[in-house]
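Report on the following structure.
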Amino acid sequence: MKTSRLPQSTDDMRPEYDFSRAERGKFHKPLDQGYRVHIEQEDGATVVNHFTLAEGTVLLEPDVRAYFPDSESVNTALRSVIDLMQKVSPPKSASRPRPRQVAERK
């Protein structure tokens, strides 16, 4: 009978790196709110750049991005969906039911 051995952990972490009080996601915030990058210059000055997404920018989730690698493919797919929507269903203003008139009893 074969016995499997667990691999021995090789701890290559240097002792000066202490993550005991680390907090996952402490500085995370959604990308659409923008973010700042602080750059330390050699002369000791700090340059702060603020980045935001351009107007009209759309973020794709990773599973969607696998099917649509570039903006051309996204636009083509969305245009075909728009065409289907126009062919299948009437415009929303025409699809609203008329209010029913109900006679009152006395």
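Couple of notes before you dig in:
- Total residues in the range 54-94 satisfying the condition of being at pLDDT below 85 and among the basic types (Lys, Arg): the figure is 1.
- Among the residues of the range 64-88, the ones that are among the aliphatic types (A, V, I, L, M) and not in a helix (DSSP H, G or I) come to 1 in all.
Table: residues versus (1) touching a Lys or Arg at 6+ places or on another chain (Cβ under 8 Å); (2) surrounded by 10 or more Cβ atoms within 10 Å (Cβ to Cβ); (3) free of Cβ contacts under 8 Å to residues at least 24 places away in the same chain.
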| site | (1), (2), (3) |
| --- | --- |
| 31 | no, yes, no |
| 42 | no, no, yes |
| 45 | no, no, yes |
| 50 | yes, no, yes |
| 55 | no, no, yes |
| 74 | no, yes, yes |
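- If you go through the range 59-71 and keep only what is surrounded by fewer than 10 Cβ atoms within 10 Å (Cβ to Cβ) and within 15 Å of the chain's Cα centre (by Cα), you end up with 61, 62, 63, 66.
- Matching residues, the range 18-63, being assigned to a strand (DSSP E or B) and among the aromatic types (Phe, Trp, Tyr): 35, 51
- Verdict on residue 98 being loosely packed, with under 10 Cβ neighbours inside 10 Å and at pLDDT below 80: yes
The values are calculated or read from the model by the stated rules, or taken from the named source; none is laboratory data. Just so you know, these numbers come straight off a predicted model, no measurement behind them. Every residue, glycine as well, gets a Cβ built from its backbone with ideal geometry; the counts of neighbours run over all protein chains shown.
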